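Colleague: This is the structure I want to talk about, given as structure tokens.
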Amino acid sequence: MAASSTPDIDKDPDAQGGGVQSVDRALQILEILARDGDAGVSEIAAEMGVHKSTVSRLVGSLVNRELVRQDSDRGKYQLGFGILRLASSIPGRLSVVHEAREVLESLAARYKETVNLAVLRSNYAVNVDQAMGPSTLATYDWVGSLTPLHATSSGKVLLAALTADERSQVFKSVGLPARTPRTVTKRGELEKQLLDVARKGYAVVRDEFEIGLTAVAVPVFNHQGSVVAAISISGPAFRFEPEDQPGLIEGLREAGLAISARMGYTHR
């Protein structure tokens with residue numbers, strides 16, 4: 001008798017689930033990778049409580065769509081650049097990237113650090129463009145990366161612009177997981193910080209997303225006065241202290257307003 005042409009499906013009961021279940025599990029995988037940065041098939045399967053072959057099959061499909069890629073050195077999986085294409089297809093996002101590009105490059109040249117533009121997507125801050133300063137030590141490309149809202153300067157700026165109900169939905173969906181010992185994981189403490197961010201017009205994060213990384217961000221507004229993006233400058237903590245560097249925060253604010261003006265915002 002000829003062997004079955006779909007042996008994996010026959011052996012793996014999870015693979016026999018409906019299409020909706022497969023989509024839900026694929027989204028779970030993306031959320032795990034967004035939260036942890038990278039993960040192996042065994043880790044993902046253990047967290048989801050499914051067979052490893054199920055995860056392998058779904059990850060394979062995500063890789064084919066470039067939504068996930070495999071680290072050639074470590075063998076673990078990470079989010080791919082296909083995520084960025086999806087984010088960029090949201091109405092209005094491409095125009096933000098286009099209008100901000102010149103400003104990002106100017107900031108990077110002026111302050112000699114990494115500058116990023118981020119937007120809110122699916123409860124995360126996704127970096128949609130980046131400019132590197134001439135003396136930047138870090139070479140990591142943040143474009144396409146989904147970062148937690150509560151642990152990043154851009155994320156806190158985006159969170160501060162949401163209503164209390166909208167923030168509650170975000171926290172209910174993704175929680176407040178610790179990225180480092182300095183990450184704020186208590187809702188009350190974070191809400192106090194967000195009030196301060198709204199009052200001052202900028203957010204500073206030190207060691208909350210990565211130990212040794214400091215970042216400051218300001219909002220970008222559209223023609224209706226809604227926050228549609230955040231622009232940030234980040235650098236190593238040993239040399240980058242934005243609140244102690246004369247003119248930096250004011251320069252970043254001006255840059256945010258310059259991009260906002262190109263989006264039709266009238267500053268009042």
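Colleague: Tell me, yes or no, whether the stretch 213-228 has at least one residue that is part of a loop (DSSP other than H, G, I, E, B) and of a type in the set (Ser, Thr, Tyr).
Modeller: yes
Colleague: Would you check which residues across the stretch 66-116 are at pLDDT 80 or above, under 30 Å from residue 222 (Cβ atoms) and among the basic types (Lys, Arg) and list them?
Modeller: 101, 110, 112
Colleague: Something else about it: Among (1) of a type outside the set (Val, Ile, Thr); (2) over 22 Å from residue 180 (Cα atoms); (3) part of a loop (DSSP other than H, G, I, E, B), which single condition is residue 240 missing?
Modeller: With respect to (1) of a type outside the set (Val, Ile, Thr); (2) over 22 Å from residue 180 (Cα atoms); (3) part of a loop (DSSP other than H, G, I, E, B), residue 240 is out only on (2).
Colleague: So, one more: Please pick out the residue among 215, 261, 237 that is of a type in the set (A, V, I, L, M), under 22 Å from the mean Cα position of the chain (by Cα), modelled with pLDDT under 95 and surrounded by fewer than 19 Cβ atoms within 10 Å (Cβ to Cβ).
Modeller: 237
The values are calculated or read from the model by the stated rules, or taken from the named source; none is laboratory data. Just so it is clear, the structure is predicted and the values come from calculations on it, not from any experiment. Neighbour counts are summed over all protein chains in view; Cβ atoms, including those assigned to glycine, are modelled from backbone coordinates with ideal geometry.
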